[in-house]
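What follows is a set of notes on a single structure, which appears directly below.
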Amino acid sequence: MEEKDNKTNEIFSKILRAGRRTYFFDVRSTRAEDYYLTITESKKHTNDDGTSYYKKHKIYLYKEDFNGFKEVLDEVTKYIIKEKGEEVISDFKPKENFENIEDKKDSKKDSDSFTNIEFEDI
């Protein structure tokens, strides 16, 4: 009998790299030796000190849910393409309007009235 790694129970895997995100599609085995799918999103983040770490999110998908999942995923992706097209919109950048700029100027005036404390003063 073939010996399996009990830690992962991985049978088959595919990887999709997408910019800072990586998606892992892993077929795993249950104790009863039936198969299910895990989809893991791993996204690289950077700490203030320059070191990096990964945040992971995982979905477990069982055979009895495959058809419904595929149907809904297909419907939703078709809707998005129909409404917004296939063109990728760049990352979100907050818009600044004149009110925000004026608020920043006013808050700078307010902050100028505070006493400045230098690190050496502590």
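Coordinate-derived values only; no laboratory data. As the structure is a computational prediction, the values presented were derived from the model and not from experiment. So basically every Cβ, Gly included, is an ideal-geometry build from the backbone, and we count neighbours across all protein chains shown.
When both residues are 6+ apart or on different chains and their Cβ atoms are under 9 Å apart, which pairs have a first residue that lies in region 31-49 and is over 19 Å from residue 62 (Cβ atoms) and touching a residue at least 12 places away in the same chain (Cβ under 8 Å), and a second that is of a type outside the set (Ser, Thr, Tyr) and surrounded by 15 or more Cβ atoms within 10 Å (Cβ to Cβ)? What qualifies is 42/24. When the residues of region 38-93 are filtered to those that are basic (Lys, Arg) and not in a strand (DSSP E or B), the one that is surrounded by the fewest Cβ atoms within 10 Å (Cβ to Cβ) is 93.
Based on this model, can you work out whether residue 31 counts as under 25 Å from residue 70 (Cα atoms) and either over 13 Å from the mean Cα position of the chain (by Cα) or not aliphatic (A, V, I, L, M) (or both)? Criteria not met by residue 31. Scanning region 13-28 for residues that are part of a strand (DSSP E or B) and within 11 Å of the chain's Cα centre (by Cα), we see that the one that is surrounded by the most Cβ atoms within 10 Å (Cβ to Cβ) is 22.
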